[in-house]
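Have a look at the structure below, then the notes.
The values are calculated or read from the model by the stated rules, or taken from the named source; none is laboratory data. Source: prediction; values computed, not measured. Neighbour counts run over all protein chains shown; Cβ positions are idealised from the backbone, glycine included. Ligands, DNA and RNA are stripped out before the accessible areas are found, and what is left, the full protein with its side chains, is counted by its heavy atoms. Shrake-Rupley method; radii C 1.70, N 1.55, O 1.52, S 1.80 Å.
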Amino acid sequence: MKRYNPSEIEPKWQKIWEEGESFAAQDNSTKPKKYVAGQFPYPSGAGLHAGHTRVYSIVDATARFYRQNGYEVLNPMGWDTFGMPAENYAIKTGISPQAATKTNIANFKHQFKRLGVSIDWDREINTSHPEYYKWTQWIFAQLYKKGLAYRAENYQWWCPIDKTVLANEQVENGKCWRCGSEVEKKKMRQWFFRITKYAEELLAGLDDLDWPEGVKAAQRNWIGKSTGAEIDFEVEDYPHFIDKRNPLRSDKPFTKRKIIQAFVHDPKTNKYLFVKWKKFPWTSCVIGGIEGDEDAVAVARREILEETGYKNLKFERVLGKLRSEFYAANKEVNRDTDATQVLFTLENDERAKVSAEEDAIQEPVWLDRSECQYDDMPNYDETMLAFERIDGKRPTHKITTFTTRPDTMFGITFLVLAPEHPMVGKITTEEYAREVEKYRAATLKKSDIERQENKEKTGVFTGAYVINPANGERVPVWAGDFVIAGYGTGAILATPAHDERDWEFAVKFNLPIKVVLNPTSIDSKDLSQEIQKMTNGDEFNHAFHDEGVMVNSGEFSGLSSPEMREKVVKWLAQRGAARFKTTYKMRDWLISRQRYWGAPIPIAYDKDGNEHLIPDDQLPVILPKIDDYKPDDSGRSALAKSPEFTKVIIDGIEMTRETDTMDGFACSSWYLLRYADPRNGQHAWDPKKVNFWNPVDYYVGGEHSTTHMLYVRMWTMFFRELGLTDFSEPITKFMKNGQILAADGTKMSKSKGNTIDPLEVIDSGYGADALRTYILFMVPPDMDAAWSLQGLGGVHRFLGRVWNLVQEYVELSDASRFGPPTSCSVSEAGRNGEKERDNDGLNRIIHKTIKKVTNDMRRSSFNTAIAALMECTNELYKLKENGFNDEWRKALSDMMLLLAPFAPHMAAELFEQLGNKEMVEQATYPTWDEKYLVSDVMTIAVQVNGKLRATITVPVDADRAEIEKTALAHENAAKFIGGKKPKKIIYVPGKIVNVVI
RNA sequence: GGGCGAGUGGCGGAAUUGGUAUACGCGGCGGACUUAAAAUCCGCUGGUUUUACGACCUUGUGGGUUCAAGUCCCACCUCGCCCACCA
């Protein structure tokens, strides 16, 4: 008897498959299609690892299963070849990425073939081949034409020593991975794809996908939708000017002076109250000095009365502030004034007597809006600023914040801007300018990791204030790096009593905490006390951020927080100060890389720096072979050093090419479509072929595919808009494969030396079949699993048993040495009810297994399917003690068909040895017949009060009464029933009798 | 902090719809074959208890629903993974 020797049969069948092109997918098939694919690999120099083996064992078992089940199956393979490793290798060794890639692909392909995977190699693609990236560039052009590819400024990591841009993962503790020097963030022009346009569609589409919930959740989280409101805060204006007619004199001392500027509006005439100076050709509003902490409004009221006699005034609001510097000749000082502007309405024109002194120098006048210019203020624009406020027009300076909790509006005690926020530079007062600038610079240097690790809040006061539009309160504005520039508006309103982060910030910088929300269970006084304790740092150290009832919120007090959210935004919206807003965490996709080894971006610039698409007939923009792959001093890729590359003529005009290349994710965002039509030289694909094969029915990939799969989805949505596909979701079912861990349960890594080399496993005598079957058997496909050599041995032993069983049968059958036929088939013996053994007859075993394996394959439960085949083998071993007969040939053949998706070489070999002319991978998958599964008896569990007390065997056609009678009569059951009358008897047909007493 | 998932023998795991928990494999023990070993084959293998039949306990912990719970509900504990100052 021949021993199982995979090293003999595996090469034999691999050769047959290759020569017969057994797995070529037919475009014009009339069969239903199944498109099965694993995420294509990056062919590294190290060759296949255990993870690859896992992915493609899952893919191949599924592909083979559907192929045997009458589907036209597309199971392609390609290479994701662009990327940093090849480029770094080239910089180090001088071996071109093209050459290294070629070698690696050849090695990967060879290794895949040794696994015996059923791939249609005619459809092989390679993203770094011009035939492929021509179309990647073409797709870029389509996106560009629709405004979905654009250039914008963006902060990038920059190493000043290497003079190169670094990716996030190349920055280690704020230092360059290569030279160890401190890196900084630099503003650079970068290319983006506008994926945010699809945010809502990407989110909504998830609901209908047959993907693992965890993967869907990760995408939802990545998209990060949140609904809230944008709220505008007027900056308390404080424009500064120097009186040009009265310039400062450097030899004179400075004095500070606080003043008010009082405006009175008469609604009847729509005029404004001013005073005209009698001795000078000046007209101005009422002006007066403030002493100490005096109330500006009271001062204004008094000054108006003193200077003009008007006394019935209604206070409207404080408008803001103006600051000026000038030389006051009469006092011989440089004066720095800080003017608070206050507006009143005239209720009636009753006047008091003005003092003789005042009367002598000035008289009141009523002016139209257009006439209102202060003669003593030289800068007309600054003057107008104050009047724009009088007119109720929009303020010139505002800060827009995003919040999900507008209900806490009345609890705002400060604002925080991201340090990078453009308003920071504009609003910061001179006094704080140095500190703010220092902080800003320090923040830009911090790596993201540092920002993450150091959770301690940092920030600086800008010196500026804004007005809370809900209650008119003055609110200080801070800059802090816990606010992220790219999210929302890069500015937040802080309600420390009701937000953890604001809380921390307030505590650290000793800012006020104002409670405006109570849990319903505690009345308002209680919570204030709690908060008081919190601020004292006692028992409580956190904010209350749940829903509740509003307090201290003006007319909104008493509303529930969700109710308030709606109402306060609507209320503010009437004044143009707020609007409902949905934001997404997801940013546009940055695709430009200052790297050589990628698909060149098909853009050129004219003399004036205008962008021009490379025309279609000049595609592809070929990546030229160069000698030195190092990026040059400009921080651009090595391509910039090639004048032949950079120079291009478009429509007769000489231009300079873009030297950035595209992110590898761009290349992998459409490869699943290219497989449907991989050799098309005229188009990216023929929609007819793509609409036949795609979307992918079964896609296998690792957990790091969240972004990859978002990008694939976005592109597909775009293609659908262009009419290039009929569908907008590219992947119908996704299987997230788990990792293979080392035997000690830790991650495999070269440095630890605990990796498993699949080729070594094959060569050491186990063979590809045992390797594949073991990998699928160890755990369900989506679970992590630790490698076990003993486990592999067990599966190898199982395959050996299958082999020996078939050998035994074949040898006996060839020699025609079967004894007289034994009645081991239910089809004959079972029906006649001759022998009890017939319940375990050949057909029953096989059909039971067919059913189990088929159903398990449909739900990708490979481990249990293989377990069923092991069980089947064990049972056949017992059965063969009674001798073989002719029925075994069919039974064993069927078993080979079930085994083929896992151990295709052995199945093919044994299927052939069993005398089948067909190839196992083309032969029809067996179906089960229920008639073999029904036995003439069944086993019923007997429970008393829910506890198992006995099992009884009854004829299948026994009726309920009979079964209950048998159950009650059972010795052990009767013991527990103890002669009592059952209250109730539950009978679950074919399974259980439960006697309740 | 947020999200997702998982806790079942000595180990990996099975139990698909609430219906005989521990399939299958590993490991362990015993046996057959062998001069011997390997390989192969056969049997036993959750715990406590019992001569035995059996009984009692057991799916992270504590409650609940139900004739019946690994499975459903509530609370808690532990672990893993992903995202993470996202307002």
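When you scan segment A:59-78, how many residues do you find that are in contact with a strand residue (DSSP E or B) (Cβ under 6 Å, 6 or more places away or on another chain) and either more than 23 Å from A:H708 (Cβ to Cβ) or modelled with pLDDT under 95 (or both)?
So the answer is 5.
If we keep just the residues of segment A:453-496 that are outside any loop (DSSP other than H, G, I, E, B), within 13 Å of RNA strand B (Cβ to nearest atom) and of a type in the set (G, A, S), which is nearest to the chain's Cα centre (by Cα)?
A:A491
Among the residues of segment A:307-315, are any more than 16 Å from RNA strand B (Cβ to nearest atom), surrounded by 13 or more Cβ atoms within 10 Å (Cβ to Cβ), under 30 Å from A:V551 (Cβ atoms) and at pLDDT below 85?
For segment A:307-315, residues more than 16 Å from RNA strand B (Cβ to nearest atom), surrounded by 13 or more Cβ atoms within 10 Å (Cβ to Cβ), under 30 Å from A:V551 (Cβ atoms) and at pLDDT below 85: present.
Report, by residue number, each residue of segment A:709-736 that is open to solvent by 50 Å² or more (accessible area, probe 1.4 Å) and either in a helix (DSSP H, G or I) or among the β-branched types (V, I, T) (or both).
Scanning segment A:709-736 gives A:R720, A:E721, A:T732.
Pick from segment A:557-598 the residues that are part of a strand (DSSP E or B) and at pLDDT 90 or above: which of them is surrounded by the fewest Cβ atoms within 10 Å (Cβ to Cβ)?
The first filter runs over segment A:557-598 and keeps only residues part of a strand (DSSP E or B), leaving A:560, A:578-584, A:589-590, A:592-593.
From what is left, the residues that are at pLDDT 90 or above are A:578-584.
Values: A:A578: 24, A:R579: 14, A:F580: 14, A:K581: 18, A:T582: 12, A:T583: 17, A:Y584: 18.
For segment A:557-598, the residue satisfying everything is A:T582.
So that you can scan it fast, the table gives a plain yes or no per residue for (1) part of a helix (DSSP H, G or I); (2) open to solvent by 10 Å² or more (accessible area, probe 1.4 Å); (3) away from RNA strand B (no atom under 14 Å from the Cβ):
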site: A:T746; (1), (2), (3): no, yes, no
site: A:S749; (1), (2), (3): no, yes, no
site: A:N754; (1), (2), (3): no, yes, yes
site: A:A768; (1), (2), (3): yes, no, yes
site: A:L805; (1), (2), (3): yes, no, no
site: A:E811; (1), (2), (3): yes, yes, yes
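Is it the case that segment A:689-701 has a residue that's farther than 30 Å from A:P780 by Cα and either assigned to a strand (DSSP E or B) or touching a Lys or Arg at 6+ places or on another chain (Cβ under 7 Å) (or both)?
yes
Those residues that are farther than 26 Å from A:Y699 by Cα, of a type in the set (S, T, Y) and without any contact (Cβ under 8 Å) to a residue 40 or more places away in the chain, I need them from segment A:755-809; list them, please.
A:S764
When A:F112 is evaluated against the numbered criteria (1) open to solvent by 10 Å² or more (accessible area, probe 1.4 Å); (2) farther than 22 Å from A:S669 by Cα; (3) not in a loop (DSSP other than H, G, I, E, B), which criterion, by number, is the only one it fails?
Looking at each condition in turn, A:F112 falls short on (1).
Take the residues of segment A:312-365 that are hydroxyl-bearing (S, T, Y) and out of contact with any His (no Cβ under 6 Å at 6 or more places or on another chain): which is nearest to A:A464 (Cα to Cα)?
A:T340
For segment A:744-786, which residues satisfy the criterion of being within 22 Å of A:T864 (Cα to Cα) and among the polar types (S, T, N, Q)? So that I can check it myself, show each step before the final result.
Initial filter on segment A:744-786 (within 22 Å of A:T864 (Cα to Cα)): A:766-786.
Scanning segment A:744-786 gives a single hit, A:T773.
Pull out all pairs, ordered by first then second residue, where Cβ-Cβ is under 8 Å, the residues are six or more apart or on different chains, the first lies in segment A:866-891 and is within 15 Å of A:K848 (Cα to Cα), and the second is near RNA strand B (Cβ under 10 Å from one of its atoms) and not in a helix (DSSP H, G or I).
No pair meets every condition.
Tell me, which strands (runs of 3 or more DSSP E) wholly within segment A:176-288 include 1 or more residues that are at negative phi, of a type in the set (S, T, N, Q) and at pLDDT 85 or above?
Result: A:184-193, A:225-235, A:254-266.
Filter segment A:277-294 for residues that are farther than 13 Å from A:Q261 by Cα and under 59 Å from the mean Cα position of the chain (by Cα) and give the result.
Selection gives A:E291, A:G292, A:D293, A:E294.
Among the residues of segment A:334-357, is any surrounded by fewer than 16 Cβ atoms within 10 Å (Cβ to Cβ), at pLDDT 80 or above, part of a helix (DSSP H, G or I) and of a type in the set (D, E, K, R)?
Yes; the residues of segment A:334-357 include at least one that is surrounded by fewer than 16 Cβ atoms within 10 Å (Cβ to Cβ), at pLDDT 80 or above, part of a helix (DSSP H, G or I) and of a type in the set (D, E, K, R).
Search segment A:409-432 for residues that are under 23 Å from A:N154 (Cα atoms) and part of a loop (DSSP other than H, G, I, E, B) and pair each with any residue that is open to solvent by 20 Å² or more (accessible area, probe 1.4 Å) and of a type in the set (S, T, Y) when their beta-carbon atoms are under 8 Å apart and the residues are at least 6 apart or on different chains.
Sorted first by the residue in segment A:409-432, then by its partner, the pairs are A:P419/A:Y439; A:E420/A:Y155.
Which residue is surrounded by the fewest Cβ atoms within 10 Å (Cβ to Cβ), if the candidates are limited to segment A:415-438 and must be more than 14 Å from RNA strand B (Cβ to nearest atom) and among the acidic types (D, E)?
Only one residue tops the list, namely A:E430.
With the requirement that a residue be of a type in the set (D, E) and more than 17 Å from A:M77 (Cα to Cα), what does segment A:8-29 give you?
Answer for segment A:8-29, where residues must be of a type in the set (D, E) and more than 17 Å from A:M77 (Cα to Cα): A:E8, A:E10, A:E19.
Output yes when any residue across segment A:974-987 is within 30 Å of A:H847 (Cα to Cα) and among the hydrophobic types (A, V, I, L, M, F, W, C), and no when none is.
No: zero hits.
Any idea which of (1) out of contact with any Phe, Trp or Tyr (no Cβ under 7 Å at 6 or more places or on another chain); (2) near RNA strand B (Cβ under 10 Å from one of its atoms) is the one A:N737 doesn't satisfy?
So the condition that A:N737 fails would be (2).
Check off (1) free of Cβ contacts under 8 Å to residues at least 24 places away in the same chain; (2) of a type in the set (A, V, I, L, M, F, W, C); (3) within 13 Å of RNA strand B (Cβ to nearest atom) for A:I940 and give me the number that stays unchecked.
Of the numbered conditions (1) free of Cβ contacts under 8 Å to residues at least 24 places away in the same chain; (2) of a type in the set (A, V, I, L, M, F, W, C); (3) within 13 Å of RNA strand B (Cβ to nearest atom), the odd one out for A:I940 is (1).
Quick check on segment A:85-100: of everything there that is under 30 Å from the mean Cα position of the chain (by Cα) and open to solvent by less than 50 Å² (accessible area, probe 1.4 Å), which residue is nearest to A:E18 (Cα to Cα)?
Going residue by residue through segment A:85-100, those that are under 30 Å from the mean Cα position of the chain (by Cα) are A:85-88.
Subset that is open to solvent by less than 50 Å² (accessible area, probe 1.4 Å): A:86-88.
Values: A:A86: 30, A:E87: 33, A:N88: 35 Å.
So, considering only residues that are under 30 Å from the mean Cα position of the chain (by Cα) and open to solvent by less than 50 Å² (accessible area, probe 1.4 Å), the one nearest to A:E18 (Cα to Cα) is A:A86.
Consider segment A:868-896. How many of its residues are in contact with a Ser or Thr (Cβ under 9 Å, 6 or more places away or on another chain), open to solvent by 10 Å² or more (accessible area, probe 1.4 Å) and either more than 16 Å from RNA strand B (Cβ to nearest atom) or within 17 Å of A:A770 (Cβ to Cβ) (or both)?
Residues in segment A:868-896 being in contact with a Ser or Thr (Cβ under 9 Å, 6 or more places away or on another chain), open to solvent by 10 Å² or more (accessible area, probe 1.4 Å) and either more than 16 Å from RNA strand B (Cβ to nearest atom) or within 17 Å of A:A770 (Cβ to Cβ) (or both): 5 in total.
Here is a yes/no grid of residues against (1) farther than 15 Å from A:D210 by Cα; (2) among the charged types (D, E, K, R); (3) within 17 Å of the chain's Cα centre (by Cα):
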site	(1), (2), (3)
A:T659	yes, no, no
A:M662	yes, no, no
A:A666	yes, no, yes
A:D677	yes, yes, no
A:K688	yes, yes, no
A:F718	yes, no, no
A:K733	no, yes, no
A:K736	no, yes, yes
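Residue-wise test of (1) at pLDDT below 90; (2) not aromatic (F, W, Y).
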| residue | (1), (2) |
| --- | --- |
| A:K446 | yes, yes |
| A:Q452 | yes, yes |
| A:K457 | yes, yes |
| A:I484 | yes, yes |
| A:I492 | no, yes |
| A:V507 | yes, yes |
| A:K525 | yes, yes |
| A:F540 | yes, no |
| A:H545 | yes, yes |
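Considering only residues that are open to solvent by less than 10 Å² (accessible area, probe 1.4 Å) and among the basic types (K, R), which ones fall in segment A:18-61?
The answer is A:R54, and nothing else.
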